[in-house]
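The values are calculated or read from the model by the stated rules, or taken from the named source; none is laboratory data. Since the model is a prediction, treat every value here as computed from it, not as a measurement. Cβ: placed from backbone, ideal geometry, glycine included. Neighbour counts: every protein chain shown. The area values use the complete protein model at the heavy-atom level, side chains included, leaving out ligands, DNA and RNA. Shrake-Rupley method; radii C 1.70, N 1.55, O 1.52, S 1.80 Å.
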Amino acid sequence: MAPRRIVIVGASLAGLRVAEGLRSHGYLGEVVLIGDEDHPPYDRPPLSKQVLSGTWEPSRTYFRTPDELAARGIVHRRRTRATSLDRDVSGGVVRCADGTEERFDHVVVATGARARRVGAWELPGVQTLRTIEDVRSLTEAFARRPRLTVVGGGFIGAEVASAARHRGLDVTLVEALPAPLSRVLGTEVGMACAGLYRRNGVRVLTGVAIEGVQGGPGVESVDLTDGTRIDSDLVVVGIGAVPNTEWADGGGLRLDGGIVCDASGGAGARVWAVGDVARWYHPVFDAHIRVEHWTHATEQAHHVARAIAGQAVGPMTAIPYAWSDQFGVKIQIVGRPSPDATFVLASGTPEQGRFVGLYAAAGRVVGGVGFDQPRAIARVRRMVAGAAEVGAAVQALAG
Amino acid sequence: MNIEADLGKCQGFANCVMAAPEVFDLDDASLVVLARRQVLPDELEDVREAVRSCPVEAIWLTES
Ligand SMILES: Cc1cc2nc3c(=O)[nH]c(=O)nc-3n(C[C@H](O)[C@H](O)[C@H](O)COP(=O)(O)OP(=O)(O)OC[C@H]3O[C@@H](n4cnc5c(N)ncnc54)[C@H](O)[C@@H]3O)c2cc1C
Ligand code: SF4
């Protein structure tokens with residue numbers, strides 16, 4: 001029997017795309033989108049880019065107005081936190097913190113991830129960036145022209161540093177590894193990023209960890225393990241994200257650093273998971289991977305919406321792709337770069353800005369990175385999909 | 001099917017280029033350029049992915 005009621009938990013990019021995808025594939029039953037935030041579904045990438053640098057109002061990130069959702073027959077329950085998932089033979093029920101229950105024939109878990117925090121560093125003036133509220137309070141803090149220390153040289157930390165420099169703030173970035181972004185992109189590319197940040201006036205400190213954050217009530221300094229004290233008024237912690245799976249524990253799902261799914265997003269009978277919370281099996285990499293990228297969330301949502309709407313879908317093979325805008329450079333990443341893979345420069349020079357690099361494992365291209373090279377990266381994406389031989393790939397990109 | 005693009009909306013993310021490089025490109029001002037407006041049948045899946053992957057909904061398909 002066709003499902004009559006679909007409940008989607010998490011009303012952000014992935015959840016919204018499932019809801020709309022169900023409609024565009026002709027699903028006529030009920031669609032309920034439950035989310036704990038007090039906004040229409042909104043977009044996160046601009047938060048650390050256009051919004052934080054002051055070119056967009058936060059409300060410009062809204063994907064839809066409430067009327068647009070209603071017109072598509074999507075019931076959006078705001079400020080509603082799901083607290084448990086119980087399944088039975090015909091579906092199950094999602095229970096919410098306000099005491100309400102939502103029965104479902106199918107449920108889609110799209111609860112994303114939250115910024116990782118460190119309890120010992122909690123002080124007023126120590127912040128993370130994940131939500132509209134976060135970007136609002138950061139923007140207010142920026143207006144007081146603080147000395148900013150960014151902890152963690154990942155994408156969000158680097159984008160925060162970029163936006164802060166754009167506003168002329170004094171910025172220090174601390175990364176425990178030998179170079180920023182090196183956990184994902186390896187040391188060579190990380191060094192190129194460090195150079196880019198330094199040329200733009202960021203003080204970059206690497207290979208050193210945080211001893212503690214001092215102050216009271218507000219932040220006064222960030223102390224490093226090598227004894228360095230960085231006088232600071234504002235600290236942004238960008239040390240990764242934790243998938244929001246706890247509420248669904250007890251639903252009989254496999255939780256292992258994300259909700260473990262098959263290659264089509266199935267996490268169990270009538271249960272699906274999409275976006276940052278999900279760990280799908282990926283046939284190209286022969287592994288379960290959790291991908292925290294915008295386009296992967298939309299592709300997974302599209303896939304699951306089709307499956308629930310009754311279309312035959314096979315495993316999803318889309319090659320992960322992400323972008324980041326930092327200091328005027330568009331960084332693009334495809335596949336699964338990793339510090340363990342062999343890095344091969346295909347064109348350009350990292351020190352000078354524009355370049356394309358490949359990551360190879362067992363002689364095959366498994367990932368790529370480009371600075372301001374979208375066309376080449378589009379080709380690399382296809383090379384990853386086809387597990388191209390790395391020597392041939394370098395030649396093809398040079399030609 | 002035809003592709004439409006709104007250059008006033010385009011933010012130069014290049015996500016469309018990633019999905020369907022045979023149809024989309026960026027110009028020097030980092031705005032989307034269409035190789036042609038008409039979509040060939042074997043490009044349709046890639047173009048649909050491109051439409052889905054544009055964060056600002058600056059490109060869409062219309063019936064020709
Ligand atoms: C600042 C920032 C910049 C980024 N920039 C880029 C970029 O440039 N390129 C890129 O590819 N990706 C980027 N990303 C990643 C991208 O935004 C994510 O991959 C995307 O948001 C994932 O969408 P999602 O719907 O899976 O999860 P989320 O966006 O995390 O949404 C999950 C939603 O579920 C809600 N929720 C959680 N638990 C519950 C519960 N129990 N009950 C009800 N609701 C709940 C949350 O409040 C949230 O609204 C960025 C992310 C951030 C934070
Ligand atoms: S993805 Fe959208 S915003 Fe980006 S270049 Fe293409 S059309 Fe423009």
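Details
- Other protein chain Cβ atoms within 10 Å, averaged over every residue that makes up B:11-17: 6
- Relative contact order (%) - criterion: Cα under 8 Å, at least six apart; region: region A:180-323: 12
- Taking every DSSP helix (H) stretch of at least 4 residues in chain B, weighting each as -39,500 (n - 2.57) and dividing the sum by the residue count yields a mean residue ellipticity at 222 nm of -6000 deg cm²/dmol.
- Quarter of the Cα convex hull surface for the protein assembly as shown, i.e. its orientation-mean projected area (nm²): 22.3
- Region A:194-218 and region A:71-94 have Cα centres lying 42 Å from one another.
- More than 17 angstrom apart: percent of Cα pairs within region A:277-399: 58
- Share of carbon and sulfur in the accessible area of region A:328-398 stands at 52%, probe radius 1.4 Å.
- Amide H contacts under 5 Å for residue A:76, placed H, 5+ residues apart: A:33
- Region A:1-143: C-alpha gyration tensor shape, a/c 1.5 cut-off, then a/b vs b/c: oblate
- Model label points for residue B:29 and residue A:199, set 7 angstrom from Cα along the Cα-to-Cβ axis, are 2.5 nm apart.
- Accessible surface of region B:2-62, 1.4 Å probe: 51 percent of it comes from carbon and sulfur atoms.
- Whole-number percent relative contact order across chain A, with pairs defined as alpha carbons under 8 Å at least 6 apart: 15
- Summed over both chains, the area buried between B and A is near 1800 Å², taken from the accessible surface of protein heavy atoms with a 1.4 Å probe.
- Neighbour cut-off at most 12 other Cβ (10 Å), DSSP loop, trypsin sites (Lys or Arg not before Pro), region A:121-185: A:144
- Shape index of region B:2-62: Rg/Rh, with Rg the Cα radius of gyration and Rh the Kirkwood radius from the inverse mean 1/r over Cα pairs, equals 0.91.
- For chain B: relative contact order, % (alpha-carbon pairs under 8 angstrom, 6 or more apart): 48
- Within-15-Å neighbourhood charge of residue A:37 [Cβ basis; K, R +1; D, E -1]: +2
- Adding -39500 (n - 2.57) for every DSSP H run of four residues or longer, then dividing by how many residues chain A holds, sets the calculated 222 nm ellipticity at -7500 deg cm²/dmol.
- Sparse-neighbourhood loop sites, trypsin sites (Lys or Arg not before Pro) in region A:355-399 - DSSP loop, at most 10 other Cβ within 10 angstrom: none
- The residues neighbouring residue A:375, those whose beta-carbon lies less than 15 Å from its own, together hold a net charge of -1 under the Lys/Arg +1, Asp/Glu -1 convention.
- Shape category assigned to region A:168-273 from the gyration tensor of Cα positions, a/c cut at 1.5: prolate
- Shown here: region A:117-239, whose C-alpha atoms stretch 39, 29, 23 Å along the first, second and third principal axes, sorted largest to smallest.
- For region A:363-399, residues shielded by at least 20 square angstrom of accessible area compared with the chain on its own, probe 1.4 Å: A:374, A:375, A:378, A:381, A:382
- Remark on region A:309-325: accessible area falls by at least 20 square angstrom from chain-alone to full-complex state for A:321, A:323, probe 1.4 angstrom.
- Distribution of pairwise C-alpha distances over region A:328-398, 10 Å bins, in %: 25, 59, 16, 0
- Rg/Rg_ref, region A:255-337, where Rg_ref = 2.2 N^0.38 Å and atoms are Cα: 1.14
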